[in-house]
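The values are calculated or read from the model by the stated rules, or taken from the named source; none is laboratory data. Remember, it's a predicted structure, so these values are computed and weren't measured experimentally. Quick reminder, even Gly has a Cβ in these numbers, built from the backbone with ideal geometry, and neighbours come from all protein chains shown. Keep in mind that these areas ignore ligands, DNA and RNA; they rest on the heavy atoms of the full protein, side chains included. Shrake-Rupley method; radii C 1.70, N 1.55, O 1.52, S 1.80 Å.
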Amino acid sequence: MEFLMKICLLFLCGLISHFVNMFFQKRDQQCYMLGYECFKASDDRRLDTDACVKVVLRNKNLGLDQYRFLLKTIVSSGLGEETYGPRNVIDGREEFPSENDAHAEMDEIMFSTLDTLFEKTGVSPSEIDILVVDVSLFSPAPSLTSRIINRYKMRDNIKSFSLSGMGCSASMVAIDMVQQLFKTYKNQFAIVVSTESIARHWYCGKEKSMMLSNCLFRNGGCSILLTNKRDLKDRCLLKLKCAVRTNIGYDDEAYGCCIQVEDPQGYQGFLLTKSLTKAAAKAFTGNLKLLLPKILPVWELLRYAISTLGKKSTKGQNLSFNLNLKSGVDHFCLHPGGRAVIDGLGKSLGLSEYDLEPTRMALYRFGNTSAGGLWYVLSYMEAKKRLKKGDKIFMVSLGAGFMCNNCVWEVMKDGLEDTRVWEGCIDEYPRKNLVNPFTEKYSWINDECLNFVRLDDQFN
């Protein structure tokens, strides 16, 4: 009997020790955000209505049909007059971009955001242990991570990673990668740089499904500083609660709905097909099935299960139907991919216009900045003083592959009100009127009489 009690006591001590170790190990594996900085180009890079028209007219492959398509697309895109384009496009060199154009574009975004980030946080480049750069369409040698390491003379034992080909959801992939590395390496500083190369990828052909990217994508990017150092917890802005990644590349239709190709004339561009919305819905639904149990309270999940008990599921049923997401989430940071994307996500999640406001305004002011887009949305929330300690932020990203990568952050302190890229203009938002000026200036292009008129004379 005494022997049995000793065995039970040893087992109990071992069990307690196991849970204690798990507790302290998990505490060391937290992923905190110390700071982030978004890129804002100079005013001479703005692609307003007149600048866009100049770019369109330089493309001699376009005719009346393409002009009408572009007008309809731009008007319904959700972009405003103050988005930024690459220097070579503004200067009229979009058809023959150089390697220098691409490097200059990346250097400006990466170095300006990193300079500000290091200055604001007080963290030295020599203290960085992990560096992840995600740029889908530009992968030079040496890599962009090496370019950063060279610029800031970082340590020789830094763990660096360059991610490419992951589209608009790449930033969430990079964040998740850092989180996984934090489980192995303690007391680390990590930098994530998320942006996209537009300079070398401006489409100069006439295929409508490939012209969409010119109407939506604009210059932008963000640098984020992360750490798992517990002693810096009080300085941090956010804490990563969970992240879920979904890739449905096994589906041929989904794989090809958002893909880089050459058109019949040999012009390279990004093809966006009508299957994009279907692929997005499939990836998003699959992701939510894994994510929602992690973020919603048990009572809400039970309520949902009971309310749907006995109901026959229908194909394509909205996963969030009768499910109160706001029981576990306070703010929704959606990918600003375009007005149709925002409307679709908002409807699926049952969100109000107040919930969608940050995403709509980020799209209107900065356009679709690909992987960097989510951070402009977050910056809007902060500038509007929406974030309070303990609030949960749901980030939703969609990208080529086809992928849906989502995560949830927890706000670590009150008083977050840095205006960042919204400085000087945040009081002008939200804009009540988001009508694009193209409607007023160029609606005449839909006049049937133009079928018999030379357009050159109309624009001059």
* Structure fact -> Computed on Cα atoms, the radius of gyration and Dmax of segment 158-271 in angstrom are 18.1, 58
* For helix 64-75, report the angle its Cα long axis makes with the longest principal axis of the Cα atoms of the chain; keep it between 0 and 90° and round to the nearest 10°. => 40 degrees
* Structure fact -> Subtracting the Cα-Cα distance of residue 186 and residue 153 from 0.36 nm times their residue separation yields 9.6 nm
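Rounded to the nearest 500, what is the 222 nm mean residue ellipticity of the chain from helices alone, with -39500 (n - 2.57) per DSSP H run of 4+ residues and division by all residues? Walk me through the numbers on the way to the answer.
Details: 16 runs with 188 residues, N = 460.
The per-residue figure over the chain is -12500 deg cm²/dmol.
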* Structure fact -> Under the Karplus relation with 6.51, -1.76 and 1.60 and θ = phi - 60°, whole-Hz ³J(HN,Hα) for segment 416-432, x at Gly and Pro, equal 7, 8, 5, 7, 6, 5, 8, 4, x, 9, 4, 6, 7, 10, x, 7, 6
* How much of the calculated P(r) for the chain lies past 40 Å, in percent of all Cα pairs? -> 23 percent
* Roughly how many Å² of residue 91 are accessible to a 1.4 Å probe, to the nearest 10? -> 90 Å²
* Note the full-extension length gain between residue 42 and residue 76 as 0.36 nm times their separation in residues minus their Cα-Cα distance, in nm to one decimal. => 9.7 nm
* Structure fact -> With all protein chains present and a 1.4 Å probe, the order of 99, 262, 357, 119 from largest accessible area down is 119, 262, 99, 357
* Protein-only accessible surface order, largest first, of 116, 145 at 1.4 Å -> 116, 145
* Structure fact -> Net charge near residue 263 (other residues with Cβ under 13 Å of its Cβ; Lys, Arg +1; Asp, Glu -1) is 0
* Degrees between helix 99-121 axis and first principal axis of the chain (Cα, 0 to 90, nearest 10) -> 40 degrees
* Structure fact -> One would report the Cα pair-distance distribution of segment 372-422, bin width 5 Å, in %, as 5, 19, 26, 22, 14, 7, 5, 1
* So if we plug the beta-carbon distance of residue 389 and residue 96 into 1/(1 + (r/R0)^6) with R0 = 51 Å, what FRET efficiency do we get, rounded to 0.05? -> 0.45
* Computed over segment 99-245: relative contact order in percent, which uses C-alpha pairs under 8 Å that are six or more apart -> 30 percent
* Structure fact -> For the chain, longest principal axis from Cα atoms; helix 339-349 axis from its Cα atoms; angle between them, nearest 10 degrees, is 30 degrees
* Carbon and sulfur together cover what percent of the accessible area of the chain at a 1.4 Å probe radius? -> 54 percent
* **Relative contact order (%) - the chain, alpha-carbon pairs under 8 angstrom, separation at least six** => 22 percent
* Asked: What is the distance in Å between the Cα centres of segment 376-393 and segment 221-292?
  -> 21 Å
